[in-house]
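Colleague: Take a look at this one; I'll ask things after.
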Amino acid sequence: MAEAAERESCLFLSEWEAARRENHAIRRKYTEGELCRQQLQLQSALTSIKSWLAVVETRQRLHQVAFNAAVQALDELDSRWRPLRLEPDAAPAAWLVASERHALQGLTKCWATAAPEGGQNLIQRFQTLSDHLSSQVVSAIRLWDESHQAAEQAWQNHHERVEEAARAIAQERAPPDSWLSEVQYRERARKHVTDQAAADELLLSTAQQLATLEAQRVEYWKSFAESYRSCCGQQGVVLQDEAPGMVSNSFQAPQMPVLPDMPTAFGAVLQRVSAAMMAPSGLFGRGSDWREGATLVLTIHGYLHLFLPDPKDPKGAKTAADGDDTPLELVEADVKASVYAPRATKCVFQRRGQELVLDLAEASADPGDGTGTASVGEASGSSTGWRKWFAKAEKTEPLRRIHAKMSDPQQFVELENHCHNFVRRGQALRSASGSPTAGYGAKNSS
């Protein structure tokens with residue numbers, strides 16, 4: 001589909017979500033109409049070509065039956081005539097019988113070759129395109145609809161969480177992590193945009209193939225009509241009117257509205273830095289070592305998240321060496337550990353020579369080494385013996401402890417100050433209220 005040259009921009013995520021819904025509605029309406037048009041056109045084309053060939057096949061069967069009957073009658077006539085005719089009539093009789101037989105054969109052969117070559121091949125190509133439209137294209141559109149519904153639901157959840165966070169802060173309670181719900185929404189919204197582009201591309205490709213086949217069908221009709229008229233002429237039938245021509249319309253992609261780029265700024269992010277995560281290594285993963293490529297995100301509500309993309313993921317393998325400074329889009333599946341700083345019972349920032357190491361943990365944190373390998377069974381203390389060897393096959397949950405290393409001293413100091421401020425705020429609220437669950441986020445002053 002052709003798109004407008006100008007691309008608008010959205011400052012707020014809510015504004016972009018409204019634009020996404022509007023863009024989806026417009027494109028979905030066009031897609032429904034275009035899908036119906038292609039299905040009807042394919043149905044009409046297939047029915048027409050089959051009907052053309054059926055007319056010729058009917059003539060072939062009719063003339064074959066007539067030929068057999070005429071030959072049989074001619075043979076019977078000749079058998080009755082031969083004993084009664086004299087020598088002067090023998091040569092004229094033989095000529096007449098042979099000429100009639102030849103005329104009957106010629107008429108039958110004419111209709112046997114009346115249909116030009118390529119008709120069945122054209123039918124097969126139309127049928128293949130029709131099957132592709134009803135299977136792959138329809139499935140892509142259905143997947144697009146499902147991803148749109150998922151994005152809408154994710155936005156609703158995020159909006160509710162933002163409102164709940166505002167109420168919690170006003171009541172000096174621990175707010176929910178509205179930033180993580182934004183990550184979930186962004187992930188689903190990106191999938192919707194990807195599925196939308198895939199459906200558009202499939203529908204456009206089908207329309208272009210259909211236009212090509214229709215042009216070939218027009219040419220086939222010209223040859224078919226000429227051959228049909230010629231066979232009728234050999235029978236002595238003169239068709240008064242010329243065969244009407246067919247016109248194939250070239251496909252032109254419509255101008256569709258362009259969806260603005262999704263705002264990249266996270267309003268709920270206080271700080272985002274690159275880091276290295278302590279990850280399992282060695283034989284059977286019994287050891288641990290630093291793994292580069294992790295990302296630390298601190299939200300304005302005091303949630304610190306550690307992301308580590310899957311190295312097998314092409315997007316996760318992107319590095320600064322690629323020459324692209326654009327931050328990677330974070331996805332929920334890459335969250336390895338999360339700590340709510342106001343409730344942290346451990347908040348240590350150490351400088352070991354050139355190493356800048358931080359260690360944050362909540363009271364409910366697993367007493368492991370912070371490598372992110374603790375499974376659900378291990379966190380409850382139920383994995384023992386051989387179960388530990390198979391624990392990695394179980395579903396893992398984010399740890400409540402973050403053990404990471406940074407390389408930028410300035411960002412390290414900034415993150416240290418933010419985290420200690422959140423810890424002190426949580427301690428002050430717990431002391432004032434006497435509630436172990438008290439704690440709230442701070443406004444972003446930067």
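Colleague: When you scan region 244-261, do you find a residue that is in a strand (DSSP E or B) and not acidic (D, E), even just one?
Modeller: yes
Colleague: Kindly establish whether Q208 is on the phi < 0 side of the Ramachandran plot and either at pLDDT below 90 or surrounded by 14 or more Cβ atoms within 10 Å (Cβ to Cβ) (or both).
Modeller: no
Colleague: Considering only residues that are acidic (D, E) and at pLDDT 85 or above, look in region 350-368 and name the one that is farthest from K405 (Cα to Cα).
Modeller: If we take residues in region 350-368 being acidic (D, E) and at pLDDT 85 or above, then E362 is farthest from K405 (Cα to Cα).
Colleague: List pairs: first in region 229-255 and over 24 Å from L62 (Cα atoms), second part of a helix (DSSP H, G or I) and of a type in the set (D, E), Cβ under 7 Å, 6+ apart or cross-chain?
Modeller: Matching pairs, first to second residue: S248/E214.
Colleague: Ok, one more. Restricting to region 65-111, and then to whatever is basic (K, R) and in contact with a helix residue (DSSP H, G or I) (Cβ under 7 Å, 6 or more places away or on another chain), can you tell me which residue is farthest from C231 (Cα to Cα)?
Modeller: R85
Colleague: Could you please let me know if V193 is among the β-branched types (V, I, T), in the same structural domain as Q127 (by TED's automatic domain parsing) and not in a helix (DSSP H, G or I)?
Modeller: Taking the combined requirement at face value, the residue does not satisfy it.
Colleague: Say we look at region 253-287 and pick out the residues that are modelled with pLDDT of 80 or more and among the polar types (S, T, N, Q); which of these is nearest to A25 (Cα to Cα)?
Modeller: Among residues in region 253-287 that are modelled with pLDDT of 80 or more and among the polar types (S, T, N, Q), the one nearest to A25 (Cα to Cα) is Q255.
Colleague: Suppose we filter region 139-195 for residues that are over 16 Å from G302 (Cβ atoms) and of a type in the set (D, E, K, R); how many remain?
Modeller: Result for region 139-195: 13.
Colleague: Further question on the same structure: Do you know which residues across region 332-346 are β-branched (V, I, T) and surrounded by 19 or more Cβ atoms within 10 Å (Cβ to Cβ)?
Modeller: The answer is V335, V339.
Colleague: If you don't mind, another one. Considering S130, S147, S135, which residue is under 30 Å from Q196 (Cβ atoms), out of contact with any strand residue (DSSP E or B) (no Cβ under 9 Å at 6 or more places or on another chain), among the hydroxyl-bearing types (S, T, Y) and surrounded by fewer than 18 Cβ atoms within 10 Å (Cβ to Cβ)?
Modeller: Answer to the selection: S135.
The values are calculated or read from the model by the stated rules, or taken from the named source; none is laboratory data. Computed from a predicted structure; not experimentally measured. Ideal geometry is used to build each Cβ from the backbone, glycine not excepted, and the neighbour counts take in all protein chains shown.
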